[in-house]
Every structure is written in structure tokens, then in C-alpha cells.
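Q: Just passing along the structure, written as C-alpha cells.
The values are calculated or read from the model by the stated rules, or taken from the named source; none is laboratory data. Model, not experiment: these values are computed from the prediction. When we count neighbours, we look across all protein chains shown, and the Cβ atoms used for this are built from the backbone with ideal geometry, even at glycine.
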Amino acid sequence: MTNTNVLGVGNAIVDVLTHASEEFIADQHAKYGMEKGGMMLIETDRATQLYGQIGQATEMSGGSAANTIAIIAGLGGSASFIGKVADDQLGDVFAHDLQSTAVQFTTPRLTGGVPTARCFILVTPDAQRTMNTYLGAAAQLNADDIDEAVVADAQVSYLEGYLFDKDAAKQAFRRVGEIAHKHGNEVALSLSDSFCVERHRADFQDLVENHIDILFANEQEIMALYETDTFEQAQDIISGKCKLAALTRGDKGSVIISEGETVSVSAVIPAQLEDTTGAGDAYAGGFLYGYTNGYSLKQSAELGTVLATEIISHMGPRTDKDLKFFTEGLKKAS
């Protein structure tokens, strides 16, 4: 019997958030190929250069799967996380922040190597976030870091698509899937980013069809995965590929497809749109909390929706609010 609702496996990253102008993004695109709204990987020298260019910034623990797991713990769910940080100051910050939310985090640290990962998140006036990620120690996660007992204890193991940018991490993914399914548990995958999908389309298609039970993707990502011209075409394709797909569409809401059942949930528009960083992470966190605690698909999607709205109403992918407030009035499906 499992004791943990959700295990997250992903990049352990400290976020560096700042506001940026459209002109700055355009200049960085021309010089370095920075794509507005996307995520690009950078090396040590570029990270140092960019840090010197951005001016005042806010630093906080992040990483896509870690954000999702923090949401689940904040809602009162039981959660754990596997990810790699270095034995340095930012590694201390990441571990402290995550463990303070009651998330189990025991992955051995990297010693004597590259530093803890950091992601530069540039937020333009339209609230769109553009990310530049130095993976550092996060990219050193490998199959040896996967603790079978931790995976076996989780109802759902949630994998972050960004992690697929390194071969060692791919092996860790497959190790998680093997253990989870051996113990009768489920595996979820977030496609993370349409540019990430472009880099790993064949691998992701294989994962979805043969190794994944639950898929999270936004409209752009699912269309990129199957190279379709419309969302509806991609929706038709994914309906036969995995047990459950949760597809978000921004202000068009979300669509849940599960074993012949389709559930549509409307978006909740924030009073003020501040920063879209972490919206998909929060949606996945709310959905997976509901899913692993007996709520219906519609209730789970509604919870994910209101949490995503909460996150995009301020800077950064996490909130100090008591998230249990958002579960009031929800009852488990009969």
C-alpha cells in the first residue's frame, strides 16, 4: 500500500526572476537565439553574463516538477521529490525551501562538481516568461539516484519533460517507470515546453504510448508532439495513446480525456495577470492532488485551474497562501 500521493522527479533549480522589456528579449534573440516564451539551455559563461545584464532579481527555489510537488504538499497531500543539487549554498536554499513544505527530499548531493542549477526567468510586460536554464548539478541526476522504496511508495510518479535534455536523466526516467509499474503504481509526464518537445519528439511519443499513464501538456505542446495544425486534431490522436491526458489551453480552459470520457473545464481569469511562470506546474499539482485523493476528473481539473490562476496573479511559481483554502467545498467522488 502506498503512503505518498505523488513523487516528483525533475530538475532541482533555483529560479532567478526579473522583469524584462520586449526590446531586451528581441536583442537577446538576435544575439543568442533566445526565444520569447520558451526555455533554452545555457552554459556557465552565458549564465554569468546574463546574471550581470538583468539587474535586480528575486531568487527562489523552483524547477517544474518541484513546483508541482510543493503545490501538492501545500494542499495537504503527501509528497516526495527526487532531484540533484550540489553541496553548495544554492543547494542548501533549494533543500530548505522544499523540505519546509513537508516534501520528502533525500537525494544525495553532488560533491566536487558543478554548482546547483539556476534558471533565469525574464518576464515581459504581457506576463509571458522566457527562461534560460543552467542545469549544473541537476543534469547529473542518473538512475543510481532513483530510490526504489521512494518510487514504490508513491501512487503517481510525476516526470518533468525538461529532464529529458540529458542522457543520464533519460535513464533515470526509465528506471522510475519500471519501478512504479512493477509495484502497480502510475506514471505521469509533463511535456514541459514546446521547444523541449521539438528536441525529443520521437522519445516523447514512445513514452506516452508505451510507458506513461497520465500526460500533462498545453495546447502548443500537444500540437508539437503530433505535428498537427489544430488542437482538435491533436486531441483526437492523444485519446488513444494513454490512460489519461490533461490538456490546458490558457484562457480557453482545459480538456481531460480519459478512457473515452472527455471533460471540459473553463478557465478562471485572474483579476491581474502578473507572471505566467509556474501556471502549468500549479495546474498539475492541483489535478494530481485531486486525482490521488478521490476527487472526480472535473473536480481535479477545477482545483488545478484555480491554483494556476492564483500563481499567475503574482511573480514567481509559488505562493505563501494557505492552499488548503482552495479545497473547501470539494467532496470526493462517490
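Q: Which condition number in (1) over 24 Å from Ala279 (Cβ atoms); (2) touching a strand residue (DSSP E or B) at 6+ places or on another chain (Cβ under 7 Å); (3) surrounded by fewer than 23 Cβ atoms within 10 Å (Cβ to Cβ); (4) touching a residue at least 24 places away in the same chain (Cβ under 8 Å) is the one that Ala86 fails?
A: It fails just one condition, (3).
Q: Does segment 26-33 contain any residue that is of a type in the set (Gly, Ala, Ser), touching a Ser or Thr at 6+ places or on another chain (Cβ under 7 Å) and modelled with pLDDT of 90 or more?
A: Of the residues in segment 26-33, the ones of a type in the set (Gly, Ala, Ser) are 26, 30, 33.
Still in the running and touching a Ser or Thr at 6+ places or on another chain (Cβ under 7 Å): none.
Checking segment 26-33: not a single residue is of a type in the set (Gly, Ala, Ser), touching a Ser or Thr at 6+ places or on another chain (Cβ under 7 Å) and modelled with pLDDT of 90 or more.
Q: Now, a different point. Please determine whether any residue of segment 162-174 is without any contact (Cβ under 8 Å) to a residue 40 or more places away in the chain, farther than 25 Å from Met131 by Cβ, surrounded by 18 or more Cβ atoms within 10 Å (Cβ to Cβ) and of a type outside the set (A, V, I, L, M, F, W, C).
A: no
Q: Tell me the helices (runs of 4 or more DSSP H) entirely within segment 1-87 that contain at least 2 residues that are among the aromatic types (Phe, Trp, Tyr) and under 16 Å from the mean Cα position of the chain (by Cα).
A: none
Q: Within segment 144-158, take every residue that is over 20 Å from the mean Cα position of the chain (by Cα) and among the aliphatic types (A, V, I, L, M) and give me the one that is surrounded by the most Cβ atoms within 10 Å (Cβ to Cβ). First the steps, then the outcome.
A: Going through segment 144-158, the residues over 20 Å from the mean Cα position of the chain (by Cα) turn out to be 144, 147-149, 152-153.
Then keep just the ones that are among the aliphatic types (A, V, I, L, M); that gives 149, 152.
Working: Ala149: 7, Ala152: 17.
Once the filter is applied, the top-ranked residue is Ala152.
Q: For segment 91-130, which residues satisfy the criterion of being outside any loop (DSSP other than H, G, I, E, B) and farther than 12 Å from Ile13 by Cα?
A: Step one: filter segment 91-130 for residues outside any loop (DSSP other than H, G, I, E, B), giving 91-99, 104-105, 110, 117-123, 129-130.
Of everything in segment 91-130, those that are outside any loop (DSSP other than H, G, I, E, B) and farther than 12 Å from Ile13 by Cα turn out to be His96, Gln99, Gln104, Phe105, Leu110, Leu122, Val123, Arg129, Thr130.
Q: Among the listed residues Ser157, Ser192, which satisfies the condition of being in a loop (DSSP other than H, G, I, E, B) and touching a strand residue (DSSP E or B) at 6+ places or on another chain (Cβ under 9 Å)? Reasoning before the result, please.
A: Working: Ser157 fails: in a loop (DSSP other than H, G, I, E, B).
Selected residue: Ser192, the only one of Ser157, Ser192 that is in a loop (DSSP other than H, G, I, E, B) and touching a strand residue (DSSP E or B) at 6+ places or on another chain (Cβ under 9 Å).
Q: Another one. Kindly evaluate Asp203 against the criterion of being in contact with a helix residue (DSSP H, G or I) (Cβ under 8 Å, 6 or more places away or on another chain), at negative phi and either of a type in the set (Asp, Glu) or modelled with pLDDT under 90 (or both). Reasoning before the result, please.
A: On the way: in contact with a helix residue (DSSP H, G or I) (Cβ under 8 Å, 6 or more places away or on another chain): yes; at negative phi: yes; either of a type in the set (Asp, Glu) or modelled with pLDDT under 90 (or both): yes.
So Asp203 passes the test.
Q: Additional query: Tally time: how many residues in segment 267-301 are closer than 17 Å to Leu191 by Cβ and surrounded by fewer than 21 Cβ atoms within 10 Å (Cβ to Cβ)?
A: Adding up the residues that qualify gives 1.
One line per residue, one yes/no per condition, for (1) over 30 Å from Pro125 (Cβ atoms); (2) not hydrophobic (A, V, I, L, M, F, W, C):
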| position | (1), (2) |
| --- | --- |
| Phe216 | no, no |
| Glu221 | no, yes |
| Lys252 | no, yes |
| Ser258 | yes, yes |
| Val268 | no, no |
| Thr276 | no, yes |
| Ser313 | no, yes |
| Leu323 | no, no |
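Q: Right, something else. Every residue in segment 254-296 that is under 18 Å from the mean Cα position of the chain (by Cα), in a loop (DSSP other than H, G, I, E, B) and small (Gly, Ala, Ser), please.
A: Gly278
Q: Among the residues of segment 303-327 satisfying the criterion of being touching a Ser or Thr at 6+ places or on another chain (Cβ under 9 Å) and in a helix (DSSP H, G or I), which is surrounded by the fewest Cβ atoms within 10 Å (Cβ to Cβ)?
A: Out of the qualifying residues, it is Glu310.
Q: Scan segment 94-141 for residues that are of a type in the set (Val, Ile, Thr), closer than 23 Å to Leu50 by Cβ and surrounded by fewer than 18 Cβ atoms within 10 Å (Cβ to Cβ) and jot them down. First the steps, then the outcome.
A: If we filter segment 94-141 for residues that are of a type in the set (Val, Ile, Thr), which is where we start, we get 101, 103, 106-107, 111, 114, 116, 121, 123-124, 130, 133.
Then keep just the ones that are closer than 23 Å to Leu50 by Cβ; that gives 114, 116, 121, 123-124, 130, 133.
If the condition is that a residue be of a type in the set (Val, Ile, Thr), closer than 23 Å to Leu50 by Cβ and surrounded by fewer than 18 Cβ atoms within 10 Å (Cβ to Cβ), then Val114 is the only one that fits.
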